[in-house]
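Only one structure is covered here, and it is reproduced in the block below.
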């Protein structure tokens, strides 16, 4: 949410909580009060708890990776800086990661990688508050950099028109933007840049 950015950087998981209760900070309670909504001091575990059934506390004070009671909002900038996951995804992650697991929070709007000889580009909206209009804020340089890094020594030419369209649409879905010419390069390259 604007004004409530997730901090970028490295941290660790410091605590795991199943069926967490939520203690809204005063700043959030005040924000809701201005809208005429009174939040309780503590929201107990249950179907109306915004943290969902699982929470991973980070070493960054006040920040969690957690589930949600409103899965339709996952991926939207509507939280106060926490990282929300779909209920089924946080449950799997909760079971897989121990306390002390390193966490790296990045802002990487463009990703490129290979699968079965096909080059994919994934583009997400920029998070900077100044990038509200994709047409005025659009800069192709970061896209070219990730494509160039993904290509490496592989002899292929991406579909630049399609690549630009994917970068502008920013749908967050990997889209094929090129293929290896099997006469010039390998058929399969590992997806090490995802």
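For residue 106 and residue 145, the difference between the fully extended length at 0.36 nm per residue and the C-alpha to C-alpha distance is 12.4 nm. Residue separation of residue 70 and residue 35 scaled by 0.36 nm, minus their Cα-Cα distance, works out to 10.6 nm of gained length.
Among 67-73, 104-110, the peptide with the highest mean count of other Cβ atoms within 10 Å heads the list, and the full ranking is 67-73, 104-110.
Label-to-label distance, residue 21 versus residue 5, with points set 7 angstrom from Cα along the beta-carbon direction: 3.4 nm.
Read-outs throughout are calculated quantities, based only on the coordinates presented, and are distinct from any laboratory measurement. Note that the structure is a prediction, hence the values are computed from the model and not measured. All Cβ positions, glycine included, derive from the backbone under ideal geometry; neighbour counts span all protein chains shown.
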